Structures are given as C-alpha cells and as structure tokens.
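The values are calculated or read from the model by the stated rules, or taken from the named source; none is laboratory data. Quantities reported herein were computed from a predicted structural model and do not represent experimental measurements. Neighbour counts are summed over all protein chains in view; Cβ atoms, including those assigned to glycine, are modelled from backbone coordinates with ideal geometry.
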Amino acid sequence: MPASPWRLPGVWVGFVGSVLVGVGACSNDFSFNPLGWGVGPIAALAGAIDRPTGNLLVASGCVLLSIGWFLLVPRPGRAAPAQLWLLWVAPLLVVPPVMSGDPFLYADLGWIMANGGNPYVDVLGSFGGPFEPFVDRFWAGNGVAYPPLALEVNRLAAQLGGMHPYWGVVAQRLPAVAGVALVAAFLPRLADHLNADRQWATWLGVLNPIVIVHLVGGAHNDTLMVGVVVFALWLSVQRIPVISASLVLAPVVIGLAMALKQQAGLAVIAAAGLPVAARIAQLPRLQRVAVLGWRTAVATLVALITFVTVSLATGLGFGWTHWLSQMGRARTMTLSVAIGDALSWTGQDFTDAANAVLAVAALGGLAALLLLRPERPLEATAWGSLLVLFISEALHPWYIGLGLALLALLPLGRTASRWVVFGTFGYLMAYALTNLYVLPVLPSIAGGVAFGSAAYAAWAGFGRHDRL
C-alpha cells in the first residue's frame with residue numbers, strides 16, 4: 001500500500017510556513033488604526049509582536065511555504081493531496097489580512113452600502129462606522145473602481161461578520177475561500193478535458209504560494225473572480241442541449257465575473273475558442289482568425305450585456321469609471337515604474353511615457369497571439385492576461401491569480417515552466433520586501449531576482465529533471 005500523500009515532507013514544511021505568515025501578520029504594527037486590531041487571543045498575540053519580528057515571521061513563512069511547494073512538484077506516482085490547500089490556508093483564516101489593507105476598504109465599502117450609500121459617490125471613510133479607523137489614509141476620501149457586484153459581496157461579507165470592526169474584515173476572506181474552492185474543483189476537471197496534467201494544474205494554479213498568501217491570506221476580491229472564470233471555462237466545454245455553452249452560458253458567467261473584477265473579460269476568447277480549437281486548427285490561417293473572431297464577438301456581446309444588466313440592477317451603474325485613475329496613485333512594481341525609477345537620475349519622470357509604450361506593446365503582443373495562433377485561444381487568454389497586467393498602472397501579486405490558473409493548463413516546456421515557477425517565487429519575495437521592509441521598487445525587484453535565481457540554482461543543483 002503506497003504511503004499517504006499527507007506524510008510527504010513538503011505538506012508540513014508548507015504548513016509551518018503558513019503558520020509563520022499568519023502569526024507574523026498579527027502584529028499591531030501592521031494596523032492602520034493606532035489602537036491596533038484583533039480580538040481575544042489574536043489581540044494578545046498582536047500586542048506581543050513588534051514590526052521587525054512580524055516582518056521576519058511573514059518573510060520567512062513565505063520562504064518555507066515556497067520550499068514546501070517546491071518539494072511537492074508532481075512526479076509520476078506521486079501527487080500532493082487534492083485538498084492540501086485547505087490545510088495551508090487554515091492558519092490564515094482568522095488572522096488580520098496579510099500584507100494588505102484592502103479588506104478594510106472592502107469592509108468600509110460594505111458599511112457604506114448597508115447604510116444606503118453609493119461608494120462611487122460616498123468616498124471611503126465618509127460614513128464613519130466601525131471600519132473607518134482602519135481605512136488606509138492613502139485611500140481615505142477617495143472612491144473605488146471596483147464594479148458593482150464586488151461591492152454587493154463586500155456588503156454581504158461585512159453583514160455576515162456582524163459589522164464587527166474585526167470580524168467584519170475577516171469575513172471578507174469568505175469570498176476568497178469560495179474562489180479558491182471553485183478553482184480547486186474545476187481547474188483539474190478542465191485539465192482533464194484538455195488532456196493537460198491535472199496534478200500540475202492543481203500544483204501551479206491552486207497550491208501556489210501567491211494563491212495561499214495573497215489571494216486567501218490577503219482576502220482579495222480578485223480571488224472570487226478567478227474562481228468564477230475557471231468555472232466559466234469549464235462550462236464552455238460542456239455539451240448542453242438546446243443552448244450553446246460556449247457562446248451563451250459561459251459568457252453570461254464571465255459577465256458576472258466582470259462585475260466582480262473587470263479583467264475577467266479577456267476570458268471570452270478562451271470560452272469562445274476552446275470547444276472548437278481542434279476544428280479551427282484544420283482551417284487555413286485566415287479562416288482560423290475569422291472563426292475565432294466571430295465567436296469571440298458573440299461571446300463578448302453576451303458577457304457585456306450581462307455585465308451591464310448586473311450593473312444597472314444593483315442601482316450603482318458605472319460610477320467606477322470615475323475612479324480608474326486612482327490605480328496609478330500607488331507606485332507599485334510595474335515595469336513602467338521600474339523604468340521611471342531607473343531613469344530618475346535624468347531629472348525627468350518617464351513613468352507615464354514608459355506606460356504608454358508598454359501598453360501599445362502589450363496590445364500588439366495580444367493581437368499577435370490572436371492572429372498568429374488563433375487555434376490556441378487559451379494560450380492567448382493566459383499570456384494576454386499577464387501582458388495586460390504587467391503594463392497596467394498598478395500591479396500586485398493577487399492580480400496574477402487568473403494568469404497562473406490559466407498557465408497551469410498550457411503545455412509549457414521545461415524552460416517556460418521554470419520561468420513561470422521561479423518567477424512566481426521571485427515575485428512573491430519581491431513584494432514581501434517592498435511591503436514589509438518598505439524598500440523602493442528597484443531594490444525590491446533586485447531582491448526578488450536574487451531569491452528566484454537562488455531557488456533555481458538550488459533546484460538545478462539537486463538534479464531535478466522532471467517537468468521542472
């Protein structure tokens with residue numbers, strides 16, 4: 001009888017890492033409220049951990065969680081437990097948000113909604129209430145660009161938490177857990193349909209440290225969107241009588257996902273193309289483009305109608321469009337910010353110019369994927385989602401959850417797999433450096449490259465010669 005996969009060392013190394021992240025995140029020095037945070041044992045722990053200790057615990061926890069993840073790389077005859085993600089997220093479920101103040105904003109938005117306000121008009125902190133002291137002063141007094149369904153989810157979560165100043169925030173993690181549950185349930189099934197490796201898909205798309213630490217630990221609203229999109233893509237390849245799953249049902253679900261986070265819209269390409277990808281591949285190139293084009297246009301129309309309907313039904317409409325410029329206020333680790341910082345010695349700020357050039361390049365890259373490889377719509381969606389993110393005005397680790405889930409379904413070669421995997425670890429640590437230790441963008445990126453390179457060197461030194 002084979003040994004239980006729960007006895008694999010990586011399972012428990014990763015669990016210890018998650019515990020360290022959760023304990024470190026409790027430090028009162030991470031709170032935007034001078035009075036600290038937490039209740040009961042959490043409050044006692046929060047007062048006992050200073051900022052340097054909290055930094056060390058979270059950073060070292062990220063490293064240990066990643067080591068556990070590396071130790072569980074799928075191999076023939078060995079797979080990680082299917083529900084391992086539940087064990088790894090357990091230490092993070094009731095602690096304060098990890099490396100993010102966003103859930104406090106979500107809770108405050110929920111308070112505004114529950115009291116009859118419109119967050120597109122009534123700015124963060126304007127209604128007072130239990131969450132106002134925890135709103136990051138950087139964002140207080142501003143609206144948000146979150147679409148309407150996301151705000152309704154915030155309201156529901158805050159109400160489930162009893163509008164309690166702590167539990168109302170922790171409850172914002174419930175949609176994130178639901179999102180990962182959807183990914184864990186439907187990503188392997190989609191992998192089976194596409195003849196992809198379901199173990200690899202789960203390892204890269206579900207057990208990824210960025211998913212555990214940021215999408216769940218950080219309780220971000222992107223997580224539910226990712227889960228809904230993965231479900232939509234699985235739905236798109238199902239055979240359903242009378243109605244088209246890929247041109248009607250899946251786009252409707254994608255429209256709902258867009259009402260959670262707008263970036264879900266790119267998934268219409270995969271939903272429209274996946275069911276007919278094999279047939280498209282047999283056509284001449286121009287016909288391939290034409291078939292994918294008209295199918296994507298139909299799916300896009302259905303998704304947009306759904307998005308508009310939901311937006312109007314909530315009564316909130318499209319006020320989020322007035323706050324899109326807020327995304328660029330925080331100088332995050334985007335390529336344009338890195339270029340601007342690298343050229344700051346000239347006395348000029350090239351960030352906006354770099355962002356414009358990169359935006360054109362990204363759109364060109366997406367167009368090239370669609371025109372040159374229309375028979376691979378999932379590839380265009382996966383790489384396209386990352387192209388769009390890396391040239392946007394803001395970039396955070398939780399933004400790449402959708403890209404990771406979709407990349408996990410692609411037949412990546414060993415070189416590409418290594419870039420994705422070790423790049424993921426490097427990015428996790430780069431963000432930890434800039435968030436925990438408040439390092440500027442360029443030193444944080446350099447640190448992330450160093451961590452990723454060291455991990456690759458260690459991996460190569462152990463003579464690993466499987467898929468990774």
Original post:
Of everything in the stretch 316-359 that's without any contact (Cβ under 8 Å) to a residue 24 or more places away in the chain and in a loop (DSSP other than H, G, I, E, B), which residue is farthest from TYR146 (Cα to Cα)?
Top reply: GLY347
Original post:
Among the residues of the stretch 33-76, how many are in contact with a Ser or Thr (Cβ under 7 Å, 6 or more places away or on another chain) and more than 25 Å from ARG137 (Cβ to Cβ)?
Top reply: 2
Original post:
Could we say that GLY110 is outside the structural domain of ASN33 (by TED's automatic domain parsing), surrounded by fewer than 24 Cβ atoms within 10 Å (Cβ to Cβ) and either outside any helix (DSSP H, G or I) or touching a residue at least 24 places away in the same chain (Cβ under 8 Å) (or both) here?
Top reply: no
Original post:
Hey, among the residues in the stretch 19-61 that are outside any helix (DSSP H, G or I) and aliphatic (A, V, I, L, M), which one's nearest to the chain's Cα centre (by Cα)?
Top reply: ALA25
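Quick test for you: out of TYR146, TYR166, pick the one residue that is hydroxyl-bearing (Ser, Thr, Tyr), farther than 24 Å from LEU35 by Cβ and either over 18 Å from the mean Cα position of the chain (by Cα) or crowded, with 19+ Cβ neighbours inside 10 Å (or both).
TYR146
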Original post:
Taking the stretch 268-308 as the search range and keeping residues that are touching a residue at least 24 places away in the same chain (Cβ under 8 Å) and under 20 Å from TYR146 (Cβ atoms), which one is surrounded by the fewest Cβ atoms within 10 Å (Cβ to Cβ)?
Top reply: LEU304
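This table checks each residue for (1) in contact (Cβ under 8 Å) with a residue 60 or more places away in the chain; (2) buried (at least 17 other Cβ atoms within 10 Å of the Cβ); (3) of a type in the set (Val, Ile, Thr); (4) more than 23 Å from ARG414 (Cα to Cα).
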{"residue": "GLY38", "(1), (2), (3), (4)": "yes, yes, no, yes"}
{"residue": "ALA44", "(1), (2), (3), (4)": "no, no, no, yes"}
{"residue": "ASP50", "(1), (2), (3), (4)": "no, no, no, yes"}
{"residue": "SER60", "(1), (2), (3), (4)": "no, no, no, yes"}
{"residue": "LEU71", "(1), (2), (3), (4)": "yes, no, no, no"}
{"residue": "GLN83", "(1), (2), (3), (4)": "yes, no, no, yes"}
{"residue": "VAL89", "(1), (2), (3), (4)": "yes, yes, yes, yes"}
Subject >> Failed item in (1) over 21 Å from SER444 (Cβ atoms); (2) touching a Gly at 6+ places or on another chain (Cβ under 8 Å); (3) surrounded by fewer than 17 Cβ atoms within 10 Å (Cβ to Cβ), with ALA313 passing the rest >> reply: (2)
Original post:
Does the stretch 115-171 hold any residues that are outside any loop (DSSP other than H, G, I, E, B), of a type outside the set (A, V, I, L, M, F, W, C) and in contact with a Leu (Cβ under 6 Å, 6 or more places away or on another chain), and which are they?
Top reply: PRO148, ASN154
Original post:
Within the stretch 409-468, which residues are buried (at least 21 other Cβ atoms within 10 Å of the Cβ) and in contact with a His (Cβ under 9 Å, 6 or more places away or on another chain)?
Top reply: LEU428, TYR431
